[in-house]
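Below is one structure; the comments refer to it alone.
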Amino acid sequence: MGSEIYLDNSATTRQYDEVTEFISDTAANKYGNPSSLHSKGIEAEKLIKNAREGIARTMDAEPSEIYFTSGGTESNNLAIIGYLEANPRKGKHIITVKTEHPSVLEVFRHLETKGFRVDYLDVDETGLIHLEQLKQLISSETALISVMLVNNETGTIQRIDDISGVRNEMNPQTVIHADAVQAYGKTVLQPAKAGIGLMSVSSHKIHGPKGIGALYVSKRIKIKPLFYGGGQEALLRSGTENVPGIAGFGLAAEIAHKKMKENYRLAASLKQLFIDELAVSGISHRVNSRSDALPHILNISFENVKSEVLLHHLEQRGIFVSTGSACSSHKNNKSHVLTAMGIPQGLVDGSVRFSFSGYNTKEQIRLTVEALKDIIPMIDISRNRKTRRKQ
Ligand SMILES: Cc1ncc(COP(=O)(O)O)c(C=O)c1O
């Protein structure tokens with residue numbers, strides 16, 4: 001680790017050491033199948049029960065409203081497809097936002113081929129939806145609205161209370177699914193109070209293990225499973241439970257919530273320092289994240305720069321960042337989020353996401369801006385173009 005500067009915490013986080021220890025102890029010693037009737041099974045079942053209760057507490061929910069899944073992607077699929085399958089009479093119209101994660105957008109595209117009428121909401125230049133547009137689209141036919149609470153590329157926080165308010169006014173039967181993968185553990189979430197019926201969270205974004213997540217399903221809502229089998233997770237998610245993963249997720253959620261305020265303050269100070277240092281650096285840039293965005297995510301476009309080139313130069317200095325959406329970054333597709341915000345293509349091409357966690361320091365931010373001051377003049381396309389013309 002040493003001099004590494006890891007600023008890609010929205011892609012994934014370094015696991016807490018306590019979580020790593022807990023997982024290996026669970027895997028080594030508490031290896032029973034939770035469905036077994038003997039004490040080894042009961043011991044494993046107890047671990048799951050504790051994690052479920054802990055996670056329920058973090059969102060003011062009841063333990064029976066928490067279902068473990070393999071992560072955010074599965075939770076999003078299960079919420080949307082599971083709800084629509086279980087409630088065919090609620091209508092054939094569904095709404096989402098153009099800036100959603102692919103694990104929601106691709107499900108909606110799939111549902112278009114299954115006879116659903118789909119609307120993709122526009123966003124303004126800061127990534128917020130227009131409530132008026134939502135109001136116009138919701139009808140008695142609208143079964144579901146899926147909206148992410150915090151955008152994974154920009155940190156934009158959608159105004160969920162206003163969204164629920166519009167839903168209540170236009171069709172109280174419409175269920176809201178919230179992708180809270182980037183919000184969970186970083187800000188207070190109370191789905192029942194916010195009028196959210198289904199909410200997805202993921203463990204590896206909060207220093208927990210990868211491949212585990214959860215779906216909150218309000219007790220008032222019925223959904224169907226995506227696959228069938230032994231009937232684990234109250235019939236919603238068959239398959240032997242990932243006990244070490246669930247236990248590790250439970251512990252990570254507990255620690256993340258204990259440290260939430262402290263980490264929020266730290267992220268806010270790192271974001272501000274980054275912005276201030278860049279402002280006096282002489283580097284041409286545009287801050288794409290709102291000032292009231294979740295401070296853990298800072299999206300910046302550098303003029304006349306290709307973000308992949310910048311990423312690799314930073315990497316050579318031990319600084320790790322993302323271009324556009326990290327979760328699918330090896331596909332090398334342009335950021336659909338910044339494009340939907342109407343950011344000019346040149347600035348989309350030069351956009352980098354810096355994302356912070358409790359492991360980051362102010363010194364790391366200063367070193368990163370110093371590195372940017374060195375690298376950007378070297379890779380500036382306009383300068384290189386002029387030099388080539390002279391030769
Ligand atoms: C907003 C958002 N939703 C969903 C996901 C998918 O979560 P997972 O990696 O746990 O499948 C991610 C990240 O990958 C994300 O950032």
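Readers should treat all values here as calculations from the given coordinates under stated rules, not as data from a laboratory. Computed from a prediction, not measured in an experiment: that's the story for all the values here. Here the Cβ positions follow ideal geometry from the backbone for every residue, glycine too, while neighbour counts run over all protein chains shown.
Results, tabulated for the structure shown:
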read-out: At least 27 Å along the helix axis (C-alpha) and Kyte average at least -1.0, DSSP helices within the chain; value: 39-58, 260-279
read-out: Given charges at beta-carbon only (K, R positive; D, E negative), |dipole| of the chain in Debye; value: 580 debye
read-out: Segments 253-266, 170-183 sorted - mean Cβ within 10 Å per residue, highest first; value: 170-183, 253-266
read-out: Packing-based order for 55-65, 89-99, using average beta carbon neighbours within 10 Å, highest first; value: 89-99, 55-65
read-out: Exposure proxy ranking, count of Cβ atoms within 10 Å, fewest first, for F116, F68; value: F116, F68
read-out: Peptides 138-148, 370-380 ordered by average Cβ neighbours within 10 Å, highest first; value: 138-148, 370-380
read-out: Nonlocal amide H pairs with T69, under 5 Å, H built at 1.01 Å; value: G213, A214, L215
read-out: Residues whose placed amide H lies under 5 Å from that of V97, excluding near-sequence neighbours; value: L121
read-out: 32 Å Cα-Cα threshold exceeded, pairs from K114/K259; K193/K258; K135/K334; value: K114/K259
read-out: Computed [θ] at 222 nm, helices only, for the chain once each DSSP H run of length n ≥ 4 contributes -39500 (n - 2.57); value: -13000 deg cm²/dmol
read-out: Region 17-258 - Debye-derived log10 I(q)/I(0), Cα point model, q = 0.09, 0.11 Å⁻¹; value: -0.38, -0.55
read-out: Relative contact order for the chain, counting Cα pairs under 8 Å that sit 6 or more residues apart, in percent; value: 23 percent
read-out: Modelled FRET efficiency - R0 35 Å, I381 with K210, Cβ distances, 0.05 increments; value: 0.45
read-out: Residue with peak Gaussian network fluctuation, the chain [Cα springs, cutoff 10 Å], from I297, I381, I212; value: I381
read-out: Theoretical gain in end-to-end length, K92 to H130 [0.36 nm per residue, Cα-Cα removed]; value: 11.4 nm
read-out: Exposure proxy order (Cβ contacts within 10 Å, fewest to most) of S10, S35, S70; value: S35, S70, S10
